[in-house]
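In what follows, a single structure is set out as structure tokens and then discussed.
The values are calculated or read from the model by the stated rules, or taken from the named source; none is laboratory data. Note that this is a predicted model, so its numbers are computed, not measured. Glycine also receives a Cβ, built like all others from the backbone with ideal geometry; neighbour counts cover every protein chain displayed.
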């Protein structure tokens, strides 16, 4: 543990749809936290399995767990649907400005017992951290294996945010890749986005990343299309796809990513309506190809420091 956390309030929002297979492990791991959420809003996004009953069972035992019902759209919608459900939960939070932190949390995770306390301790130490997380691991052949997420991003399944940073970036973009766009936007606005692979911040991802709808290949294809939407440069994305081809599903996963990206390019799919951010992202990617991601991020953070210092000076950080 880095240090004890001064009194802080934080709200957790969990969009969910048909999560009965895994959610009790997530619920139990949150209930067992050394520092529990002040409020946990769980948004049932039209589940047809036992999800609503499980939420009711836990909320009856813990008055800080609240279920919010969202009308059924008829199918799981990765990306926009997740953001829509999260926003329904956010709207249900009374006096959100009273919370220091907020967290978007999926219900297919098993968190270490001091997870939230450790994140808040680190954010209290470095008030420039706007969003952070631990690292996801998956069970593979009886061992926990890293999902290899970069240190410059908070993991999408457990986005822990300083509320003022979340408000500063305007919340989540309602598209696939919302969980990368937010980190780039935070850096553009002077904040730090980070994740740590420390033992006490590693969590188990009970469902492999990208496999929640149709298949893992469809998830990888969708990721490629999302990277095109975000404005990722072709050369940088090709390097990313090669990197991902070295993990299951070997080779084919990387090819599915490339298919998604270049198919979107060929049909001239829409891109993020934020030209300044796309320019910012591509400048980082070009630099990262030359000097590595860690050095490129360090340079950006130093360059954007005055942006954050101005916020800190006027009390908006």
In segment 151-171, how many are closer than 18 Å to residue 276 by Cα and surrounded by fewer than 22 Cβ atoms within 10 Å (Cβ to Cβ)? 3
Looking at residue 116 and the list (1) surrounded by fewer than 23 Cβ atoms within 10 Å (Cβ to Cβ); (2) assigned to a helix (DSSP H, G or I), which single condition is not satisfied? (1)
Just give me the residues in segment 129-177 being closer than 26 Å to residue 314 by Cα and more than 11 Å from the chain's Cα centre (by Cα), in sequence order. 129, 130, 162, 163, 164, 165, 166, 167, 168, 169, 170, 171
Does residue 289 count as outside any helix (DSSP H, G or I) and either closer than 29 Å to residue 188 by Cα or outside the structural domain of residue 136 (by TED's automatic domain parsing) (or both)? no
In the set 104, 189, 185, which member is at pLDDT 95 or above and surrounded by fewer than 22 Cβ atoms within 10 Å (Cβ to Cβ)? 189
Residue selected from segment 127-142 under the condition in contact with a strand residue (DSSP E or B) (Cβ under 7 Å, 6 or more places away or on another chain) and in a loop (DSSP other than H, G, I, E, B), by the criterion nearest to residue 194 (Cα to Cα): 134
State which residue pairs qualify: first residue in the same structural domain as residue 155 (by TED's automatic domain parsing) and in contact (Cβ under 8 Å) with a residue 12 or more places away in the chain and inside segment 100-129, second residue assigned to a helix (DSSP H, G or I) and surrounded by fewer than 17 Cβ atoms within 10 Å (Cβ to Cβ) in any location, beta carbons under 6 Å apart, and separation of 6 or more residues or different chains. 110/25; 112/200; 114/200; 118/200
Given the conditions (1) touching a helix residue (DSSP H, G or I) at 6+ places or on another chain (Cβ under 6 Å); (2) at negative phi, every one holds for residue 158 apart from (1)
Residue 287 - would you say it is over 20 Å from residue 136 (Cβ atoms), surrounded by 14 or more Cβ atoms within 10 Å (Cβ to Cβ) and free of Cβ contacts under 8 Å to residues at least 24 places away in the same chain? yes
Conditions first: (1) over 30 Å from residue 114 (Cα atoms); (2) in a loop (DSSP other than H, G, I, E, B); (3) under 18 Å from the mean Cα position of the chain (by Cα). Residue 207 passes all but one, so which condition is the exception? (1)
